[in-house]
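The values are calculated or read from the model by the stated rules, or taken from the named source; none is laboratory data. Predicted, not measured: the structure shown is a model, and the values here were computed from it. FYI the Cβ positions are ideal-geometry reconstructions off the backbone, even for glycines, and counts take in every protein chain you see.
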Amino acid sequence: MRTYTDTNKIDFSIIRERALNNIREDLISEWSDRFSAQEITEAFEAVLRAHRNQAAVEDFLPLLVEAEMKNRLNAGDLKGHAA
């Protein structure tokens with residue numbers, strides 16, 4: 001039996017990567033008055049790497065990465081060491 005995604009050949013990895021890029025750009029736009037684009041990008045990539053290494057299903061990566069980045073940005077600690 002063919003599934004809906006089999007029939008339509010939807011590649012969700014492309015959608016996921018586009019969402020991650022949009023989230024990164026939105027965070028830079030929103031927080032660039034407090035952190036440099038490079039600092040935000042480096043933190044974003046580190047958070048993304050950590051979640052990718054632990055993910056059983058990658059569908060939720062954009063949500064998880066965005067939530068953790070917003071927590072770090074709000075705490076003023078891009079390295080994730082805030083208590």
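Some points to look at:
- Restricting the first member to the stretch 34-63 and to residues that are modelled with pLDDT of 95 or more, and the second to residues that are among the polar types (S, T, N, Q) and part of a helix (DSSP H, G or I), the beta-carbon pairs closer than 9 Å and six or more apart or on different chains are 62/22.
- Among the residues making up the stretch 45-83, those that are loosely packed, with under 12 Cβ neighbours inside 10 Å, part of a loop (DSSP other than H, G, I, E, B) and not aliphatic (A, V, I, L, M) are 76, 79, 81.
- Scan of the stretch 34-44 for residues that are surrounded by 13 or more Cβ atoms within 10 Å (Cβ to Cβ) and assigned to a helix (DSSP H, G or I), ordered by number: 37, 39, 40, 41, 42, 43, 44
- Taking the stretch 15-33 as the range and being part of a helix (DSSP H, G or I) and either modelled with pLDDT under 90 or of a type in the set (Asp, Glu) (or both) as the test, the residues that pass are 17, 25, 26, 30.
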